[in-house]
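Undergrad: Structure provided below as structure tokens; questions to follow.
The values are calculated or read from the model by the stated rules, or taken from the named source; none is laboratory data. For clarity, every value in this text was computed on a predicted model and none was experimentally measured. Neighbour counts run over all protein chains shown; Cβ positions are idealised from the backbone, glycine included. Heavy atoms of the whole protein, side chains included, go into the accessibility calculation; ligands, DNA and RNA do not. Shrake-Rupley method; radii C 1.70, N 1.55, O 1.52, S 1.80 Å.
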Amino acid sequence: MYAAIEAGGTKFVCAVSDDKFNIQARTHIPTTTPSETLGAVFAFFDQYTIEAMGVGSFGPIDANPASPQYGYITTTPKLAWANYDFLGALKAHYAQVPIAFTTDVNVAAYGEFKKGAGQGKQNVAYYTVGTGIGMGYIHHGQIYMGSQNPEAGHILVRRHEADTFAGACPYHGDCLEGMAAGPAIQQRWGKKGKDIAPNDAAWAIEAYYLAQACMTTTLFLSPDVIIFGGGVSKQSQLFPLIRSQFTKLLADYVSVPAADDYIVPVGLGDDAGITGALLLAAEQL
Ligand code: ADP
Ligand code: ZN
């Protein structure tokens, strides 16, 4: 069987599938301390015969196989996990099992590329807009990495003229994540995104920032499609707003596919990450 771990800062989702990627069992484990959480992870997987494993982890992680800290969670504010050799702990328990290790965003990007809204495309940008904002990029069918993973969730954005919110990123204040992730919406409006009416002006401001992310992504990477996932992206009224603001910002400077086909929601819903991790596991064999 293939094993997948979507390791989030709040919970770990673990799943096993057959070789057709049909999920046979799945469990959710709270993210507490490494020994407690991984103890429960091992207890779950030890019920099955695992051939290969794919892991998408919260981070920041060191994802460069040439680095001495490869497989570590590095500077996370979740202190029990800071500087923790996550991949090493998995390998110690599953010595015979090949393990693919990358970020939580990258596994979701890969799942969407192979089986979701990016199917048939070669260059797929995937943004998750949730507690934070992250971007994963599939470049000619491969997960893109530089010396480390890009962190496009923290690109700088131009402020909306009606927006006085200072920004919520602890590092940069008013970067993209600081202006547009779930906590920024909650702090700016005093309520959670899911409690803001779909026709509220809040969504035009949100869309303005996400449209700028699409603009920058288009100019830097020239993707075939830009996919949005994560909790905030469940607000489907955002999509027409993002597309129209993007079209206005780009001003036909470069040619892109029709906006309805170019800026799209996830195809796999909340299963993008687990699906991508299973696919990466299979590719280890
Ligand atoms: P995480 O990023 O922790 O993996 P989510 O993608 O669900 O999980 O992101 C959580 C954030 O998204 C919270 O700030 C929450 O308020 C916001 N959020 C979750 N669901 C919705 C929704 N349906 N509409 C708007 N915002 C949402
Ligand atoms: Zn930032």
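Undergrad: For labels at GLN237 and THR74 in the simple 7 Å Cα→Cβ model, what's the distance in nm?
TA: 4.0 nm
Undergrad: Quick one: net charge of ALA40's neighbours, Cβ under 15 Å, K/R +1, D/E -1?
TA: Here the charged neighbours net out to -1.
Undergrad: What residue among ALA63, ALA168, ALA43 shows peak mean-square fluctuation when the chain is described by a Gaussian network model with Cα springs under 10 Å?
TA: ALA43
Undergrad: Roughly what % antiparallel, to the nearest 5, for the DSSP beta bridges in the range 117-267?
TA: 55 percent
Undergrad: Let me ask something else about it. Based on alpha-carbon centroids, what's the gap between the range 21-64 and the range 70-100 in Å, whole number please?
TA: So the two Cα centres are separated by 11 Å.
Undergrad: Here's something else I'd like to know. For the range 184-226, compute the orientation-averaged projected area of the C-alpha convex hull (one quarter of its surface), in nm².
TA: Mean shadow area of the hull around the Cα atoms is 3.6 nm².
Undergrad: Out of the total accessible area of the chain (probe 1.4 Å, heavy atoms of protein only), what percent is carbon and sulfur?
TA: Answer for the chain: carbon and sulfur cover 52 percent of the accessible area.
Undergrad: Among bridges DSSP assigns within the chain, what percent are antiparallel (round to 5)?
TA: Antiparallel: roughly 60 percent of the beta bridges in the chain.
Undergrad: Calculate the FRET efficiency for GLU283 and GLN187 from the Cβ-Cβ distance with a Förster distance of 51 Å, rounded to the nearest 0.05.
TA: Computed FRET efficiency for GLU283 and GLN187 comes out at 0.80.
Undergrad: How large is Rg over Rh for the range 117-267, taking Rg from the Cα atoms and Rh as the Kirkwood inverse mean of 1/r across Cα pairs?
TA: 0.94
Undergrad: Here's a follow-up. Sorted from largest down, what three extents in whole angstroms do the Cα atoms of the chain have along their principal axes?
TA: Projected onto the principal axes, the Cα atoms of the chain cover 55, 39, 35 Å.
Undergrad: Treating only the Cβ atoms of Lys and Arg (+1) and Asp and Glu (-1) as charged, compute the dipole magnitude of the chain about its Cα centre; round to the nearest 20 debye.
TA: With Lys and Arg at +1 and Asp and Glu at -1, about 340 debye.
Undergrad: Suppose all protein chains stay in the model; what accessible area per residue would a 1.4 Å probe give for the chain, in Å²?
TA: Spelled out: the 1.4 Å probe surface of the chain, per residue, equals 45 Å².
Undergrad: Here's something else I'd like to know. Under 5 Å between amide H atoms, partner at least 5 residues away or on a different chain: which partners does LYS11 have, H built in plane at 1.01 Å?
TA: For LYS11, whose amide H was placed from the backbone, the distant partners under 5 Å are THR31.
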